[in-house]
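Working notes for the structure below.
The values are calculated or read from the model by the stated rules, or taken from the named source; none is laboratory data. Here the structure is a predicted model, which is why all the values come from computation and not from measurement. Cβ: placed from backbone, ideal geometry, glycine included. Neighbour counts: every protein chain shown.
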Amino acid sequence: MLKFLPAPIVILLSMALGLFIGFLKIPFCFQIANALADIFMNVFKAISLPVIFFSLVSAISGLAGLAQVQRMGGRVFLLSLFTTFISSVVALAVYLLVKPALASVAPSELNTAPVSFDSYFASLRKIFPSNFLSPFIEGNSLAVVVIAIGLGLAALTLPSAQRKIVHVFFASFQALLMKVVSGITFVLPVGVWAFSVLFAKDLESSKSLKSVGLYLCAIVAANLIQAFFVLPILLRRAKLSVRESVKGMWPALSLAFFTKSSVAAMPLAMRCAENHLHVEKNISRFAFPLCTSVNMNACAGFILITFLFVGETHGMVFAPWDLLQWTVMATIVAMGHAGVPMGCFFLASALVAQANLPMTLMGIILPFYTLLDMLESAINLWSDSCITLVLNRKESLSLS
């Protein structure tokens, strides 16, 4: 009968059942939950880096070439990079202000060993490996991202026919991995049950629940700051009306919110931009598809806050260099995640798994992500709209 229930309801039921069984403290159930959680974590670790790698190479090689990048594509890409990075910075600032993980870990449990400049340079050297396969074997996410960006940019310099072959090759492998991910999402309620049992086992006070609540508040606050402050500033600097822009794009934003998909709302967004805000068709139909591939403001904030939260909850300490490194990492990974089912949540889980951190908290976050995803989808489309409007404004000024 569960097949007739919406997926979020099934996940919530799995979470509730897991918490109930966990509070009963049945040893045999703990053994089953441990085994299932380990299996899910191993699967995430096995496919996480390949998904990031093929997604990034596919997204970059799918651009129309360096000539397009140098013109309108360059503007769209730079604006997307700028807004997504700012979203990561805002998320970092909110996270450091709220400090949700401090409720879970006592100061005595934290590893506060000083980090030397030698370790900074050692981390930097590892980003550029001497062996193509070693980052995948060692779980070096940053090195994988660097290799993917290098291959993607190199593909743009190839002749058109060869570039299309390269793009189809990487896009096909990405689609293959997405089928694997679809299979994982089908059995996710089982994983949520296992993670919930283990979470209840470790829950000794209300601090953990408070910590998760603060984490969710940090995610929502960072997204709202990006939507209501950062992006309107971008419009005002281009001398565009924020009120008229929101009014014109409102139908598409509403659709993105309720469908939890900025891609599904993209056709309506193009019509709203053209009919309500008088955006040129050639600009609208170029910018929105490209933005959908590379402009992921809300996703970057979610990835960064989630990784820092899970990491600090389990005793990791992030030096200033680490915070900067992961801010850049979240920006790059978010810009390459287009087309990944469960989008931001999956990539955040992938980074958590690659860091050898327990996945228990990700199982607890998952039910709430269905609500967060609604907000993030609308904000991603709002960011796409702002970039398209700014691009239309710049193009019209350059022609006049």
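Tally up the residues in segment 233-245 that are in contact (Cβ under 8 Å) with a residue 12 or more places away in the chain and under 26 Å from the mean Cα position of the chain (by Cα), please.
3
Can you tell me which of Ala273, Ala300 is surrounded by 15 or more Cβ atoms within 10 Å (Cβ to Cβ) and under 24 Å from Ala348 (Cα atoms)?
Ala300
Go through segment 129-164 and count every residue that is in a helix (DSSP H, G or I) and surrounded by 12 or more Cβ atoms within 10 Å (Cβ to Cβ).
22
Starting from segment 361-387, take each residue that is within 28 Å of Arg236 (Cβ to Cβ) and in a helix (DSSP H, G or I) and list its partners that are modelled with pLDDT under 80 and among the hydroxyl-bearing types (Ser, Thr, Tyr), counting only C-beta distances under 7 angstrom and pairs at least six apart or across chains.
Taking only residues 6 or more apart or on different chains, the pairs are Ser377/Ser261; Ser377/Ser262; Asn380/Ser262; Leu381/Ser262; Asp384/Ser262; Asp384/Thr292.
May I ask you to verify whether Glu204 is at pLDDT 90 or above and over 25 Å from the mean Cα position of the chain (by Cα)?
no
Condition first: on the phi > 0 side of the Ramachandran plot and modelled with pLDDT of 75 or more. Now tell me which residues in segment 327-384 satisfy that.
Asn356
Exactly one condition in (1) within 17 Å of Leu371 (Cα to Cα); (2) of a type in the set (Gly, Ala, Ser); (3) outside any helix (DSSP H, G or I) is false for Gly315; which is it?
Every condition holds for Gly315 apart from (1).
Residue under question is Leu308, and the condition is that it be more than 18 Å from the chain's Cα centre (by Cα), surrounded by 19 or more Cβ atoms within 10 Å (Cβ to Cβ), on the phi < 0 side of the Ramachandran plot and at pLDDT 85 or above; does it hold?
no
Could you give me the residue pairs with C-beta distances under 8 Å whose first residue belongs to segment 19-45 and is on the phi > 0 side of the Ramachandran plot, whose second residue is at pLDDT below 80 and not acidic (Asp, Glu) wherever it lies, and which are 6+ apart or on separate chains?
Short answer, once both residue conditions are applied: Lys25/Lys201.
Give the residue, chosen from Leu277, Leu253, Leu290, that is aliphatic (A, V, I, L, M), over 12 Å from Leu389 (Cα atoms) and modelled with pLDDT of 80 or more. I'd like the intermediate steps shown before the answer.
On the way: Leu277 fails: over 12 Å from Leu389 (Cα atoms); Leu290 fails: modelled with pLDDT of 80 or more.
Result: Leu253 is the single residue among Leu277, Leu253, Leu290 that is aliphatic (A, V, I, L, M), over 12 Å from Leu389 (Cα atoms) and modelled with pLDDT of 80 or more.
Filtering segment 117-176 down to residues that are polar (S, T, N, Q) and closer than 20 Å to Leu324 by Cα, which residue is modelled with the highest pLDDT?
Asn140
Condition test on Ala238, is it modelled with pLDDT of 90 or more and either under 17 Å from Thr388 (Cβ atoms) or buried (at least 17 other Cβ atoms within 10 Å of the Cβ) (or both)?
Taking the combined requirement at face value, the residue does not satisfy it.
Is it the case that segment 63-71 has a residue that's of a type in the set (A, V, I, L, M), modelled with pLDDT under 80 and more than 18 Å from Thr388 (Cα to Cα)?
Yes, there is a match, as at least one residue in segment 63-71 is of a type in the set (A, V, I, L, M), modelled with pLDDT under 80 and more than 18 Å from Thr388 (Cα to Cα).
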